[in-house]
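The structure appears right after this line, and notes come after that.
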Amino acid sequence: MATSLKTSSTFCSTQQNRWLQPTRDLILHSSSHSNVKQCKSKKIKRPASLCVKATSSKVELDFNDPSWKQKFQEDWEKQFNLPSITDIYDLKPRPTTFSLKKNRTPTGDENVDMWNGYVNNDDRALLKVIKYSSPTSAGAECIDPDCSWVEQWVHRAGPRKEIYYEPEEVKAAIVTCGGLCPGLNDVIRQIVFTLETYGVKNIVGIPFGYRGFFEKGLKEMPLSRRLVENINLNGGSFLGVSRGGAKTSEIVDNIQARRIDMLFVLGGNGTHAGANAIHEECRKRKLKVSVVAVPKTIDNDILLMDKTFGFDTAVEEAQRAINSAYIEARSAYHGIGLVKLMGRSSGFIAMHASLSSGQVDVCLIPEVPFTLDGELGVLGHLEHLLKTKGFCVVCVAEAAGQDLLQKSGATDASGNVILSDIGVHMQQKIKTHFKDIGVPADVKYIDPTYMVRACRANASDAILCTVLGQNAVHGAFAGFSGITSCICNTHYVYLPITEVIKAPKRVNPNSRMWHRCLTSTGQPDFH
């Protein structure tokens, strides 16, 4: 059973050697070395004596101990063990009702009975595959001072031979929370398809997010393959979305009253935290309910995952805005195209959109501080660009440069801080700056905020949604709960929700991808 554990970590470091915590918190926060502190309890003179209190189970790793890798991996296995309804119920599995054998035709000497296509419960996938030779390697995520290779295994996703539910008795519910995202309908569709393949006949949709569990007048919507067959052709959510929700206890009361056995929750970090709270409350009440999440966010800011569905489509749609800004800027005398893209806590959309467009001269993200004024500021660089090429294009993430703005202090229904508008601020600063120095500048500001998420999923996201939705159902029938269906290191896996909600995933300024973006834009350091 994977529980929500608090990590108490102590680090030792030298200026010559930097590495990250060997537990989820540091491995996951690989984008920042700000957590690395001098160990005050001991005087450190050389890397070999460096120490770390690493794990949530308070196992202290001594890197001079030859067995430290084994201790690390044992603790890792505990952390990434998947919670299951069998943790609270003594259940006997039954043979699965999910089979594709009937669709196979023997060829030659092939024995169809030898084929099943099921995933063994002991199957694992490597979370990370790069062996860094030095902590100074670009994007290095190291555990010890020598940057030793340590295998980090996670559970492989897919259908199992044995299941813990009787399909004909199951009532399954689907809910989509948070903001819109390309691919929501694709996931809903595939969850319904796969449930029916198992033999589930009672499938419902909860309207408008968690609100559908408590708002009077919102009734659950019966779902079937025939009803959802073509919903993937449209953007948005067939079930509707909303932020916030009632107390966890009230939601679980409603789950009990509706006799829901499986709950599939589609959403981002906040939604995952809510799903985990529902899972924990169900366990507390000893309910036989599987709560399975599917990671949805165009920001791509959920820990450990290669990407979340909707991200590829958002980046592709952002190209339209950047291309428009490029055309406007190039066609004007001293034209400056300014595009603000979504990214509440991370700059993945801005970085990938800038890298893929090849038309951006300056990319600004929240992970990399910058200044606007002064010799090394963004405005000075824009002057240089106008002198040398006559125009320029700037792409900025919505959370970038918040330290330059007055904070609103307000929050939305999900508890997220409402950000100040860096796009409008930069537009005004650019206009004022060039007016003050007597240089004409034609600023074209484009904010495609909701346009990049209200569209239909592209081919890449549609495939990802299909697999994630199918695997979510497989995980529920396997008895897992409090898990999320995702892709890590190109493989489809299950992760405990507790491991992905510790903090948002952020761009690593030392990563090769950010370095590639800088090479493409040619921008200098702005601080």
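Once neighbouring chains are kept in place and the probe is 1.4 Å, which whole percent of the accessible area of region 294-448 is contributed by carbon and sulfur?
After summing per-atom areas, the C and S share lands at 49 percent.
Given a Förster distance of 56 Å, report the FRET efficiency between residue 459 and residue 65 from their Cβ-Cβ distance, rounded to the nearest 0.05.
For R0 = 56 Å, the calculated efficiency reads 0.65.
Show me, for region 85-95, the HN-Hα J-couplings you get by feeding each phi into the Karplus relation (A = 6.51, B = -1.76, C = 1.60, θ = phi - 60°), rounded to Hz, glycine and proline as x.
5, 6, 5, 10, 10, 8, 10, 9, x, 10, x
In nm, give the distance between the simple-model label positions of residue 489 and residue 227, each being 7 Å from the Cα along the Cα-to-Cβ direction.
4.1
Extension gain residue 306-residue 410, at 0.36 nm per residue separation less the Cα-Cα distance, in nm?
34.3 nm
Under a cut-off of 13 Å between alpha-carbon atoms, report the aspartates and glutamates in cross-link reach of residue 201, not counting same-chain residues fewer than 8 places apart.
166, 168, 169, 261
When the Cα centres of region 207-275 and region 468-525 are compared, how far apart do they sit, in Å?
Region 207-275 and region 468-525 have Cα centres spaced 23 Å from each other.
So for each of 337-345, 274-282 I average, over its residues, the number of other beta carbons within 10 Å; can you give me the resulting order with the highest mean first?
Final packing ranking: 337-345, 274-282.
Taking every DSSP beta bridge with both residues inside region 309-427, roughly what % is antiparallel (nearest 5)?
10
Once the piece of chain linking residue 387 and residue 247 is laid out straight, how much longer is it, given 0.36 nm per residue of separation minus the C-alpha distance between them?
Here the answer is 44.6 nm.
Determine the alpha carbon to alpha carbon distance for each of 288/505; 288/502; 171/284; 171/219; 216/307; 128/161 and list only those over 24 Å.
Over 24 Å apart, Cα to Cα: 288/505; 288/502; 216/307; 128/161.
Apply 1/(1 + (r/R0)^6) to the Cβ-Cβ distance of residue 130 and residue 525, taking R0 = 25 Å, and write down the FRET efficiency to the nearest 0.05.
About 0.45, to the nearest 0.05.
Could you calculate the contour length gain from residue 258 to residue 512, that is, 0.36 nm times the residue separation minus the distance between their Cα atoms, to one decimal place in nm?
86.5 nm
Can you figure out the FRET efficiency of residue 123 with residue 327, using R₀ = 45 Å and their beta-carbon distance, to the nearest 0.05?
0.35
Which cross-chain or sequence-distant (5 or more) residues have an amide H under 5 Å from the amide H of residue 341, H modelled 1.01 Å from N in plane?
396, 397, 398
If you take the square roots of the eigenvalues of the alpha-carbon gyration tensor of region 164-230 and sort them as a ≥ b ≥ c, do you get rounded (a/c under 1.5), prolate (a/b over b/c) or oblate?
Oblate, because a/c is 1.5 or more while a/b does not exceed b/c.
Non-local amide H neighbours of residue 163 (under 5 Å, H modeled in plane, Pro and chain starts lacking H): which ones?
Under 5 Å from the amide H of residue 163: 94, 96.
Give the shape of region 308-418 as rounded, prolate or oblate, defined through the alpha-carbon gyration tensor: a ≥ b ≥ c are the square roots of its eigenvalues, a/c under 1.5 means rounded, and otherwise the shape is prolate if a/b is larger than b/c and oblate if not.
Oblate shape, in that a/c is at least 1.5 and b/c is the bigger or equal ratio.
Amide H of residue 488 versus every other amide H placed in the peptide plane: which residues, excluding those fewer than 5 positions away on the same chain, fall under 5 Å?
Under 5 Å from the amide H of residue 488: 306, 493.
With label points built 7 Å along Cα→Cβ from the Cα atoms of residue 288 and residue 78, find their separation and express it in nm.
3.0
Just to check I understand the Karplus step: with θ = phi - 60° and J = 6.51 cos²θ - 1.76 cosθ + 1.60, what whole-Hz values come out for region 349-362, glycine and proline as x?
Whole-Hz 3J(HN,Hα) from phi for region 349-362: 5, 4, 5, 5, 5, 5, 5, 6, 6, x, 10, 8, 9, 9.
The values are calculated or read from the model by the stated rules, or taken from the named source; none is laboratory data. What you see is a predicted model, and the numbers here were worked out from it, not measured in a lab. Here Cβ is always computed from backbone atoms with ideal geometry, including for glycine, and neighbour counts include all displayed protein chains. These accessible areas exclude ligands, DNA and RNA; they are computed on the full protein's heavy atoms, side chains included. Shrake-Rupley method; radii C 1.70, N 1.55, O 1.52, S 1.80 Å.
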